[in-house]
There are 2 protein chains.
Amino acid sequence: MENEFIVASYLITGKYDFNKKAKGIAVGLTVGTWTELPEAKKERMAQHLGKVIDITELSPDLDGRPRAICKIGYPVRNLTPDIPALLTTVFGKCSMDGAIKCLDIEAPEAFLSQLPGPKLGIDKIRERLGIKDRPLLMSIFKQCIGMTLKELEEAYQNQIAGGVDLVKDDEIFFRDDAAPVMQRVRRFKSLSRQKEERTGQVTWYAVNLTGPVTEMADQAKRLVEQGADCLLLNVLPYGFDILHRIAADPDVPVPVMAHPSFSGAIYPSGHYGVSAPLLLGKLMRWAGADIVLYPSPYGSVAMPREDALAIAGNLRIESAVHQRSFPAPAAGIHPGLVPVLFRDFGNDLLVNAGGGIHGHPQGAAAGGKAFVDAIRAAMAGESLKVAAQRSPELQAALDQWGCIEE
Amino acid sequence: MENEFIVASYLITGKYDFNKKAKGIAVGLTVGTWTELPEAKKERMAQHLGKVIDITELSPDLDGRPRAICKIGYPVRNLTPDIPALLTTVFGKCSMDGAIKCLDIEAPEAFLSQLPGPKLGIDKIRERLGIKDRPLLMSIFKQCIGMTLKELEEAYQNQIAGGVDLVKDDEIFFRDDAAPVMQRVRRFKSLSRQKEERTGQVTWYAVNLTGPVTEMADQAKRLVEQGADCLLLNVLPYGFDILHRIAADPDVPVPVMAHPSFSGAIYPSGHYGVSAPLLLGKLMRWAGADIVLYPSPYGSVAMPREDALAIAGNLRIESAVHQRSFPAPAAGIHPGLVPVLFRDFGNDLLVNAGGGIHGHPQGAAAGGKAFVDAIRAAMAGESLKVAAQRSPELQAALDQWGCIEE
């Protein structure tokens, strides 16, 4: 491992001598200085020296500016195995060094094996939920802030009545005076248990994990003690490292669902930032997200299809060191889109719906049922329109939002 | 406080009905839904409802796309007083909602007073260092990774010999097997003490604070026990909240220096991200940075002058709740630039030099001395060229890098 490299790919835009620019990064972000070192010292420092691995010049951008993809290798031995060290090394100072976007990072197994990866991953989540191969279905509270425990209980009950597998908190739910988090976890757990006893279906509540980052691991343990099945985390606002530490903590035996909040400050620019497939795909999985929410390619403001698919690819590609994570491309999802979701993302997927459940003309329970029926039909290779003949809820949803079938 | 608002300003680019777009954010990121609420519930939820405060349409951007600055208010009562809650609320989901950049956040004193702000700030740092009104001078190790303790000791000794006030670690110094951090702190402290006994000058070592975010507060305490005077922190890779918690921790009685690593992934785009004055100015200060490093307007790849000045403005503006922080605009700084630095930034400043000290033809000690003499001259309103007649070190620096005087 100690002779291996972490390789970062950058898109650099501007009138540069790209070889010189890349060399400057490779030296500057590792040993700091090279040519002026005495020979004896060079020998010792060589093991820490970054190297330019490849420069591929691209056609100029729309403004006629030259562009190149530069691949730079950083010796693994320079870093501790954590995301802050990784980001600081490959895109710390360098992020401010002109129009430069970090497209990808490849890391050797020996480095990755020291990052936790998902605690459960796709297979063990399926096992716990008792869902063999269909996509998971998740519903989002329509409102959280200001709601009383009683109101949220009713909303929870309505959502699980439709047959969803998970219900998640709003990611902006921080002040919950009228419905304190420990009470929510206990009450929703009890509603889920009642449902399980009645129907056999397991339902999880993904509770928003908040608080000082120094106390978050303890808070996670307390939530688990109260019955939390799944934790929702605003990974970027809190930092990747707390995800890492919670994922690696054996006393927090539940999966973490990563919310992409703030990620739009980082991935969308063509010239700056970190690509969506790296930020929301690789880094989230390496740091320990079991499920990753991100913008679908279908909403009114959508992520480019290519990026949305690449995130799913990075979350699910087989790896010798890490479990696979569930992609959850969200926004603009309604039952009539389920066949398209299957076509684009396959069935190792979390179908996440807010408006597509709550906006159902017959309410949230019917909204959930419409999705369940749409997923069942898609799994069976049946047309939604045909399936809707047996499901008035699905029919109403198709009437409301339309149906996109191949 | 509970009826007050946190106001975020966004630059939104695109063919939008800006009023509708802003309204959507104001409702969506607070109570979630509004028009369909029953009247009785509206009454209760009104206190949590976001509001559009102002829409100012701008001239279209260079590609002819419409633009507007939208100001949206979020009730303080919706948030916990920490940066992750703030970022998630005002720029969490909303960051992914099209071409939208967060330009500024204004928060009421009652909210800000629950954020720590700098532990010491400019005045108490000046007091501890015994520096009445001149800028502080900091030197950066030329190399850290791979260096032995003995080599770093020599480098430290050379740097403090020139009269710098602080010496900082490389921010990429994570693996320090040949010079473990606790040993560095003890040895450099002892060298600083010897220098103080000899000359009366206090010198600080800004040590890189690393490790799991869950153990960082303890690590900070251990470093302080060993004699650390100042902590260097990669705030964005680790997350703002750990800065907050360390700044608020009475058992860590030393200042924190914020490194801007990874910030270039967030501030430079004209359409996305968070403006530099907000990210590196306000948020860093609110979360507790005593000193903030950021790109100067002078280097080869520079921050726009306007932004660099605005960061300094946000760090130093008088506030009823927070101490003022030292701006440290870095990169491309040499002794001949000191009068320009004074003109642009005044003297409540940390002058941070790497190449401008190590690249001195007579070595790092002479490089430090050249800066000390340049600062002394600038404070006295004396021309550097005149001062250089008494200082061969300054003269050599001016010969090497030139001199920019008004």
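At-a-glance table
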quantity: Extension gain (nm, one decimal) between B:GLU109 and B:ASP218, 0.36 nm per residue minus Cα-Cα; calculated: 36.2 nm
quantity: Alpha-carbon centroids, region A:142-200 and region A:74-102: separation in whole Å; calculated: 40 Å
quantity: Cross-link reach list, lysines versus A:LYS42, counting only Cα pairs under 26 Å and skipping chain neighbours closer than eight places; calculated: A:LYS20, A:LYS21, A:LYS23, A:LYS51, A:LYS71, A:LYS93, B:LYS142, B:LYS150, B:LYS168
quantity: Nm distances between copies for B:GLU39, ranked from closest, using label points 7 Å along Cα→Cβ; calculated: 9.2
quantity: Cα long-axis angle, helix A:216-225 against chain A (0 to 90 degrees, to the nearest 10); calculated: 30 degrees
quantity: Gaussian network model of chain A, Cα within-10 Å springs - most flexible of A:MET45, A:MET303, A:MET216; calculated: A:MET45
quantity: For A:ASN19, inter-copy label distances in nm, listed shortest first [label point 7 Å out on the Cα-Cβ vector]; calculated: 6.0
quantity: Cα centroid of region A:1-43 to Cα centroid of region B:300-333, whole Å; calculated: 29 Å
quantity: Copies compared at A:PRO253 - label distances in nm, ascending, label defined 7 Å from Cα in the Cβ direction; calculated: 4.5
quantity: Within 10 Å of each Cβ in A:168-176, the average number of Cβ atoms from other chains; calculated: 5
quantity: Reference-scaled alpha-carbon Rg (2.2 N^0.38 Å with N residues) for chain A; calculated: 1.08
quantity: The protein assembly as shown - Debye-derived log10 I(q)/I(0), Cα point model, q = 0.05, 0.11 Å⁻¹; calculated: -0.27, -1.24
quantity: FRET efficiency estimate (nearest 0.05) - Cβ-Cβ, A:THR35 to A:LYS124, R0 51 angstrom; calculated: 0.50
quantity: Principal axis dimensions, largest first and in whole angstrom, of region B:5-112 by Cα; calculated: 45, 33, 21
quantity: Cα coordinate range in region B:287-389, projected on the principal axes (Å, largest first); calculated: 45, 29, 23
quantity: Cα-Cα pairs of region B:130-232 separated by more than 18 Å (percent); calculated: 45 percent
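No value in this document is a laboratory result; all are computed from the given coordinates. The model shown is predicted, which means the values in this text are computed figures rather than measured ones. With ideal geometry, Cβ positions are generated from the backbone for all residues, glycine too; neighbour counts draw on all protein chains shown.
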